[in-house]
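**Student:** Below is a structure I'd like to ask you about.
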Amino acid sequence: MIETTLFRTNSDNPDFQKLVALLDKDLAIRDGEEHAFYAQYNKIDAIKHTVVAYKNELPVGCGAIKQYAEHTTEVKRMFVLPEFRGQGIAEEILRELEQWAKELNFAECILETGKKQPEAIRLYQKAGYSLIPNYGQYQGVENSVCMLKKIIPAVS
């Protein structure tokens, strides 16, 4: 089995940008008419903390964290190429993002996903995320599912 290599980078990384473009195409289909609403909150410019997963030097998945509040970071732009799903890559990316968040002294990770993404909801629940009331721009949005996981910040 080919090992997954995780690379910490930022949103300027061309492999991250290509994967996010594929994610946005997938979400446009899933979200339908609601896609424009979500897209406005998923811009990748100036995201400082992104992870790209590689198999045999091929970029196969990505994710990011972005500061939401003083002690809270938001998990964003999680995606794995369809042909590489079911191999644990998303779990590896999520663990790496959580570890990075700890190193940056965040106390919790929050995220938003959609009801039309049941595989994402299962991933996050399996990783220890709990449902919370929709936050920020997602308040009152019927399709949104918001989740939270407390993490222990790294000792400075």
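Nothing in this text is a laboratory measurement; each read-out follows from the coordinates by a stated rule. Owing to the predicted nature of the structure, the values given are computational and were not obtained by experimental measurement. Glycine gets a Cβ as well: all are built from the backbone with ideal geometry, and neighbour counts include every protein chain shown.
**Student:** Order of 88-97, 116-125 by packing, highest average Cβ count within 10 Å first? Could you put the intermediate results ahead of the total?
**Tutor:** Details: 88-97: 19.5, 116-125: 15.3.
Ranked from most to least packed, the peptides come out as 88-97, 116-125.
**Student:** Let me ask something else about it. Sketch the reach of a paramagnetic label on GLN137 as a point 7 Å from Cα along Cα-to-Cβ, and name the residues of the stretch 68-87 whose backbone nitrogen lies under 16 Å away.
**Tutor:** 68-69, 74-78
**Student:** Continuing with this model, one more query. Determine the relative contact order of the chain: mean sequence separation of Cα pairs under 8 Å and six or more apart, normalised by residue count, in whole percent. Each step should come with its number before you reach the end.
**Tutor:** Numbers: 264 pairs, mean separation 31.3, N = 156.
Normalised by residue count, the contact order of the chain is 20 percent.
**Student:** Given C-alpha coordinates of the stretch 1-112, what is the ratio Rg to Rh with the Kirkwood estimate of Rh? Display every interim value, and only then the final one.
**Tutor:** Working: Rg = 13.7 Å, Rh = 14.3 Å.
That ratio equals 0.96.
**Student:** Quick one: Karplus J couplings for the stretch 48-54, per residue in order, coefficients 6.51, -1.76, 1.60, θ = phi - 60°, nearest Hz, x for Gly and Pro?
**Tutor:** Per residue, the Karplus-derived 3J(HN,Hα) values read 8, 10, 10, 10, 10, 9, 10 Hz.
**Student:** In terms of modelled amide H atoms, which long-range or inter-chain residues lie less than 5 Å from the amide H of MET78?
**Tutor:** Residues meeting the criterion, in which the H sits 1.01 Å from N, are ALA64.
**Student:** Turning to a different aspect of this structure: Which far-off residues, 5 or more places away or on another chain, put their amide H under 5 Å from the one on ILE47, with H placed in the peptide plane?
**Tutor:** Here SER11 satisfy the definition.
**Student:** In the stretch 56-156, if every C-alpha pair distance is counted and binned at 10 Å from zero, what percent goes to each bin?
**Tutor:** Going out from 0 Å in 10 Å bins, the stretch 56-156 shows 15, 47, 30, 7, 0 percent.
**Student:** Right, another one. Provide the per-residue ³J(HN,Hα) series for the stretch 81-91, in order, calculated from phi with Karplus coefficients 6.51, -1.76, 1.60 and θ = phi - 60°, each as a whole number of Hz, with x at glycine and proline positions.
**Tutor:** With coefficients 6.51, -1.76 and 1.60, one gets 3, x, 6, 10, 6, x, 10, x, 5, 4, 4 Hz.
**Student:** Where in the stretch 45-75 are there trypsin sites (Lys or Arg not before Pro) that are in a DSSP coil and have at most 14 other Cβ atoms within 10 angstrom of their Cβ? Please list the in-between numbers first.
**Tutor:** On the way: sites: LYS48, LYS55, LYS66; in loops: LYS48.
Within the stretch 45-75, the qualifying trypsin sites (Lys or Arg not before Pro) (loop, at most 14 other Cβ atoms within 10 Å) are LYS48.
**Student:** With +1 on each Lys and Arg Cβ and -1 on each Asp and Glu Cβ, and nothing else charged, work out how big the dipole of the chain is about its Cα centre, in Debye to the nearest 20.
**Tutor:** Numbers: 19 positive and 22 negative charges, 43 e Å.
It comes to approximately 200 debye.
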